[in-house]
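These notes concern the structure reproduced below.
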Amino acid sequence: MAENADAQRAKPKSIGSELIIPVAALFFTLYYFYTIIDAPWTAQVAAFIVGSILILLVVLILIKSVRSLGTGEGTLDFSNLVKPKAYVPKRLSLLALTIAYIFIVPSLGFTITTFLFLSLAMLILSDWRKKRFIISLSATLSLGGYLLFIVAFKTRFPAGPFETFMKGFL
Amino acid sequence: MELDYDLAFFGEMFARTFSFWWVILPSIFLGLIVGAIPGFSAANTIIILLPLTLAMDPETGLMFMVGLYASSRMGAGIPAILVNIPGTAGAAATPLDGYPMTKQGRGQQALAMSFVASIAGGLLTTVIALVSLPWLSQIAFYLHSVEMIVIMFFGISLIATIAAKDTLKGLIAGFFGLMIGFIGTDVVYETPRGTFGFLELYDKVPLIPALVGLFAISEAFAIIENQSILTERGKAAMAKPGWAATFEGARIAASRWWHITWNSLIGLVIGVVPGAGAAIASFVAYQQSKTYSKTPELYGTGHIEGLIAPESANNGVTSGTLVPLLVIGIPGGATAAIMLVVLQFHGVTVGPDLFLTSPELAFGPFTAMAVTYTLMILTVLPLARYMSNITVVSTVYMAPIIISFTLVGSFVPRAYLFDMNLALVFGVIGYVARKTGYHVAAILIGVILGPLMETYFLRAMKMSQGDIMVLFSSNIGNTLWVLLVVSMALPYIMDHRRGKSEKIAANDPYG
């Protein structure tokens with residue numbers, strides 16, 4: 001137990017992944033400065049003050065990170081992001097399904113797309129077990145969502161064939 | 001403004017408001033639902049239901065809107081505690097201690113505490129707002145662009161020091177959020193900045209996709225690593241359902257009455273300042289609660305005061321935002337602005353005269369809020385037991401449900417498909433931030449404060465003809481700058497002193 005704790009403590013920090021946000025912030029700030037280069041001074045001040053503080057903070061964390069690398073307390077890897085590795089395929093599948101959801105929902109509408117997304121995502125995450133339960137749950141949730149948000153709340157959810165068909169009855 | 005009303009008048013007002021229970025009760029349940037779902041804020045719902053509220057007479061319409069507003073504020077804390085997803089930005093500080101409690105199987109108790117803190121805080125500040133209207137309304141007059149800029153920096157610094165374990169990372173997250181908040185065309189010159197050429201970003205970064213992405217999507221991708229959001233101890237605790245946890249939660253919260261009072265007053269004062277809002281109030285309350293606590297090290301681990309402070313503060317804001325609306329006609333927030341539109345539709349002019357010409361309309365929102373909070377004691381508190389059952393749902397089902405319903409929720413406010421893509425982008429940023437110790441709350445608050453801060457900067461610069469020293473030109477502003485530095489330094493100083501006294505105690509042979 002104590003050995004495990006020691007091993008945990010001795011494990012170097014994953015510096016590479018910790019620098020993603022600061023580096024993204026740095027590049028975005030520089031891009032933002034580029035877009036306001038011709039703006040009047042009064043319109044530049046806020047971005048210059050906040051952006052300069054942000055750049056200073058990023059420089060500080062870069063210095064801190066280089067020191068950690070130098071002392072061996074950190075390594076330049078991205079393992080933090082994919083840990084635990086066993087879940088990488090499931091996480092990537094969920095991401096792919098989410099992207100597909102965004103692209104399909106304008107044509108198939110909320111109810112059908114949500115049913116397909118929920119069924120597939122739950123089946124993948126459950127290793128294709130409890131198929132009947134998952135399909136009934138997905139159907140109940142998507143229909144419940146349709147009744148609550150579209151019929152009751154009259155919310156502007158994306159409409160597709162199902163919503164158009166049901167409009168004729170309601 | 002001189003107001004001359006006695007207790008009998010207020011008694012009559014409360015009795016009259018209670019007669020609207022049939023409007024207030026449905027608005028409470030609707031408010032709880034819309035508050036709990038990201039994308040369905042009280043403001044959006046009132047907009048959707050405008051045909052209904054406009055058809056009502058002004059007084060009934062006001063009762064409905066106020067009931068919905070107050071209960072939605074409380075509803076936003078429910079998913080924040082149970083699944084780490086705040087319903088609105090005002091509940092962004094609630095999961096800091098609420099969610100760890102849920103993981104420990106204390107979700108029901110945490111909900112009961114949150115409900116008691118919200119109800120007591122909301123009720124108390126409503127009564128205080130009612131009796132101190134003339135004085136409270138003056139606060140907004142003293143805060144100009146410069147003071148507001150310092151308050152915004154205050155907000156970001158507080159969140160950075162609270163939300164992240166590493167202050168440097170917290171500050172980077174907060175300032176990155178501010179820069180994202182600057183995206184769009186500026187209010188004076190209409191020049192597009194940082195939009196990457198997307199027309200949909202010309203009107204600033206929409207808040208709902210940012211909230212959905214940073215909190216909901218990223219959380220859904222993170223929770224699939226475990227079968228349940230509960231720890232093993234939490235599962236064991238949840239296996240014994242009963243009313244005891246609700247009563248215990250209510251008792252614990254009630255025993256912290258002073259904490260609730262103090263933090264709800266912070267919320268009230270911040271709520272009076274137009275634009276400051278519940279998000280800042282809840283983080284300010286959390287920070288001061290932690291600073292003056294005897295056990296600051298427990299904050300973030302499921303600490304009772306860490307939950308009570310933001311919940312009582314963000315409900316204190318609710319009554320605060322109505323003060324400038326009714327007294328000087330400046331809405332303190334989005335929902336108050338929509339109430340103003342409804343009142344104007346009915347030909348009601350808001351301002352000091354309203355207290356003389358239609359006192360039932362002028363005081364009505366406050367008495368409606370007090371009645372709403374009173375009714376919520378009976379209707380909402382018992383629900384804690386049943387709501388907490390959501391935490392036993394496996395992540396296999398929970399993660400896809402969170403993604404699909406919140407993603408489509410991000411589409412609702414503007415009906416742009418682009419906003420769903422934006423939510424996914426924020427989801428990726430949120431996931432990376434969660435995995436690497438940059439707290440998503442700091443980024444979100446930055447996104448919220450960015451446009452406000454920029455507007456105040458532009459105003460200050462215009463007035464001073466571009467002189468940057470205007471930031472140090474006001475006494476109140478300078479005092480706030482000093483307080484900002486002190487609030488950043490105080491936790492370090494107190495930590496240092498605590499460490500020193502512990503060292504002395506450890507070396508004391510008689511101790």
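Odds and ends about this structure:
- Test for B:Gly177: is it more than 9 Å from chain A (Cβ to nearest Cβ), closer than 21 Å to A:Leu56 by Cβ and either part of a helix (DSSP H, G or I) or of a type in the set (Ser, Thr, Tyr) (or both): yes
- Residue in the range A:62-79 that is within 19 Å of the chain's Cα centre (by Cα) and at pLDDT below 95 present: yes
- The residues on offer are A:Thr75, A:Thr35, A:Thr71, A:Thr42, and the sole one that is under 22 Å from B:Asp467 (Cα atoms) and hydroxyl-bearing (Ser, Thr, Tyr) is A:Thr42.
- The residue list A:Ile21, A:Ile61, A:Ile15 contains one member that is crowded, with 19+ Cβ neighbours inside 10 Å and in contact with a strand residue (DSSP E or B) (Cβ under 6 Å, 6 or more places away or on another chain), which is A:Ile15.
- Candidates B:Ile183, B:Ile172, filtered to the one that is closer than 21 Å to B:Phe418 by Cα and modelled with pLDDT of 90 or more: B:Ile183
- Of the residues A:Gly72, A:Gly51, the single one that is exposed (fewer than 13 other Cβ atoms within 10 Å of the Cβ) and not aliphatic (A, V, I, L, M) is A:Gly72.
- Looking only at the range A:86-105, residues that are facing chain B (nearest Cβ under 7 Å), out of contact with any Asp or Glu (no Cβ under 7 Å at 6 or more places or on another chain) and either among the aromatic types (Phe, Trp, Tyr) or farther than 24 Å from B:Ile429 by Cβ (or both) come to 1 in all.
- Failed condition for B:Gly155, given (1) under 20 Å from B:Thr455 (Cβ atoms); (2) more than 10 Å from every other protein chain (Cβ to nearest Cβ); (3) surrounded by fewer than 24 Cβ atoms within 10 Å (Cβ to Cβ): (3)
- Annotation note: of B:Val150, B:Val188, B:Val146, the sole residue that is outside any helix (DSSP H, G or I), modelled with pLDDT under 90 and of a type outside the set (Phe, Trp, Tyr) is B:Val188.
- Residue that is surrounded by the most Cβ atoms within 10 Å (Cβ to Cβ) [pool: residues in the range B:388-402 that are part of a helix (DSSP H, G or I) and at the interface with another protein chain (Cβ under 10 Å from one of its Cβ atoms)]: B:Pro400
- Taking each residue of the range B:1-12 that is part of a loop (DSSP other than H, G, I, E, B) and at pLDDT below 80 and looking for partners that are surrounded by fewer than 14 Cβ atoms within 10 Å (Cβ to Cβ) and of a type outside the set (Lys, Arg) with beta-carbon atoms closer than 9 Å, six or more apart or interchain, yields B:Leu3/B:Leu356.
- Extreme residue, surrounded by the fewest Cβ atoms within 10 Å (Cβ to Cβ), among residues of the range A:106-134 that are part of a helix (DSSP H, G or I) and facing chain B (nearest Cβ under 7 Å): A:Pro106
- Against the criterion of being among the small types (Gly, Ala, Ser) and surrounded by fewer than 24 Cβ atoms within 10 Å (Cβ to Cβ), B:Ala337 qualifies.
- Residue list for the range B:103-131, filter: farther than 21 Å from B:Ser289 by Cα and of a type in the set (Ser, Thr, Tyr): B:Thr126
The values are calculated or read from the model by the stated rules, or taken from the named source; none is laboratory data. Quick caveat: nothing in here was measured; it's all calculated off a predicted structure. A quick note on method: Cβ atoms are made from the backbone with ideal geometry, for glycine too, and the neighbour counts reach across all protein chains shown.
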